[in-house]
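Undergrad: Dropping the structure in here first, questions after.
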Amino acid sequence: MKRIGVLTSGGDAPGMNAAIRAVVRMAAYNDLEVWGIQHGYAGLIKNSMQPLSTRSVADIIHRGGTILRTARSEEFTREAGQLKAIEALKINEISSLIVIGGDGSFRGAMALVERGIQVVGIPATIDNDIPGTDYSIGFDTAVNNVVDAVNKIRDTATSHERVYVVEVMGRNSGHIALAAGLAGGAESILIPEGESSLTELCQRVIRGYQRGKAHSIIIVAEGYRPPGVEEIQSPGMYVGQFIREKTGFETRITILGHIQRGGTPTVMDRVLASKFGAKAVELLLAGQTAVMTAIQGNNIISVPFNEVFSGQQEVDLEGFRLAEILSRP
């Protein structure tokens, strides 16, 4: 093995560039070439790639997003697209690949593994919903972005004595909402994994005001669904309107959206990405394939893709209960 490829796939996550940098520099240390593949699997199919040197990854550790760009590829889900990707790797004499992304990216990588390509994954998603690792790249930055926004919203909420409902990302998991709600001192947190009654939530808001509380901040995960409600366009809008109708309090709704993804990655994400990138190269050199880098406790390890696909990343329900206790008026 003299040449490896690296691509970023799925949604961007702060820290991806730090991981790319670590891959390139660890590979150079081991006399390996690295080729960067543009636009994920879509770029791989089109043979859109170029060599990356230690100089080309200078001054990117602090940048959000990904210098390799990212895209979703419907073509790659079909056999014809996968064969084109294999051909592009063969043309460029690349037999080993590092895929930086989430669960869907790793499932796509298995199609390459089954055709003889050595693949190691690096978990990168702000949702932190990948089983087998305590944290994925981008999660810490996203949570800090949410907390920063909540701090600003709280100033206005206090000044006007309003209820503010803040909808955050996370896909079908409540990791961002829970961590941001606990760190930001939210009065209530609504996540897909928790059992929450909106009627009890309204009663809690009312009790808070009766005891002199000037405002309330409600954090709602985008994957949250009220009991008995299946189809919903925006849980934040639904919850805000429910509170307004049941309590009569002035309520404002903020959907943070993609602002959570951007910005300079935190120290935690930079360090984690650097360790994951270096570990991925080591795993390739050790002959491993169809595995993902992971952190469990303080240890950087590898986890087989099959374990990732068959598992589920649980939310810390003890933390959820703690948040409820600490937010009581």
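Undergrad: Quick check on my filter: what residues within segment 89-112 are more than 18 Å from T133 (Cβ to Cβ) and of a type in the set (A, V, I, L, M)?
TA: L89, I91, I94, L97, A111, L112
This table checks each residue for (1) surrounded by fewer than 18 Cβ atoms within 10 Å (Cβ to Cβ); (2) closer than 30 Å to L198 by Cβ.
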position: E245; (1), (2): yes, yes
position: R270; (1), (2): no, no
position: A278; (1), (2): no, no
position: A290; (1), (2): no, no
position: A294; (1), (2): no, no
position: P304; (1), (2): yes, no
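Undergrad: Now a separate question. Kindly check whether there is at least one residue in segment 101-109 that is among the acidic types (D, E), surrounded by fewer than 20 Cβ atoms within 10 Å (Cβ to Cβ) and more than 22 Å from A286 (Cα to Cα).
TA: No, every residue in segment 101-109 fails to be among the acidic types (D, E), surrounded by fewer than 20 Cβ atoms within 10 Å (Cβ to Cβ) and more than 22 Å from A286 (Cα to Cα).
Undergrad: Counting only residues that are surrounded by 14 or more Cβ atoms within 10 Å (Cβ to Cβ), in contact with a strand residue (DSSP E or B) (Cβ under 7 Å, 6 or more places away or on another chain) and over 27 Å from N145 (Cα atoms), how many does segment 49-85 have?
TA: So the answer is 2.
Undergrad: Hey, any hits in segment 241-264 for a residue that's farther than 30 Å from G65 by Cβ and of a type in the set (D, E)?
TA: yes
Undergrad: Quick one: which residue in T66, T77 is at pLDDT 95 or above and either closer than 19 Å to F276 by Cα or in the same structural domain as F276 (by TED's automatic domain parsing) (or both)?
TA: The match here is T66.
Undergrad: If you don't mind, there's one more thing I want to ask. Check every one of the strands (runs of 3 or more DSSP E) wholly within segment 235-324 and list those with 2 or more residues that are in the same structural domain as G36 (by TED's automatic domain parsing) and under 22 Å from Y135 (Cα atoms).
TA: 291-296, 299-304
Undergrad: Does segment 272-281 contain at least one residue that is more than 22 Å from the chain's Cα centre (by Cα) and without any contact (Cβ under 8 Å) to a residue 60 or more places away in the chain?
TA: no
Undergrad: Right, something else. Do you know which of the residues in segment 123-173 that are of a type in the set (S, T, N, Q) and more than 14 Å from the chain's Cα centre (by Cα) is nearest to G184 (Cα to Cα)?
TA: N151
Undergrad: Now a separate question. Take G263 and decide whether it is surrounded by fewer than 14 Cβ atoms within 10 Å (Cβ to Cβ), closer than 30 Å to V57 by Cα and of a type outside the set (S, T, N, Q).
TA: The answer is no for G263.
Undergrad: I've got another one for you. For segment 294-329, give me the residue count where each residue is within 21 Å of L272 (Cβ to Cβ) and either of a type in the set (A, V, I, L, M, F, W, C) or touching a Ser or Thr at 6+ places or on another chain (Cβ under 9 Å) (or both).
TA: 11
Undergrad: On the given criteria, is N47 within 21 Å of Y135 (Cα to Cα), modelled with pLDDT of 95 or more and among the polar types (S, T, N, Q)?
TA: It is false that N47 is within 21 Å of Y135 (Cα to Cα), modelled with pLDDT of 95 or more and among the polar types (S, T, N, Q).
The values are calculated or read from the model by the stated rules, or taken from the named source; none is laboratory data. The structure presented is a predicted model; accordingly, all values stated were derived computationally and were not measured. Here Cβ is always computed from backbone atoms with ideal geometry, including for glycine, and neighbour counts include all displayed protein chains.
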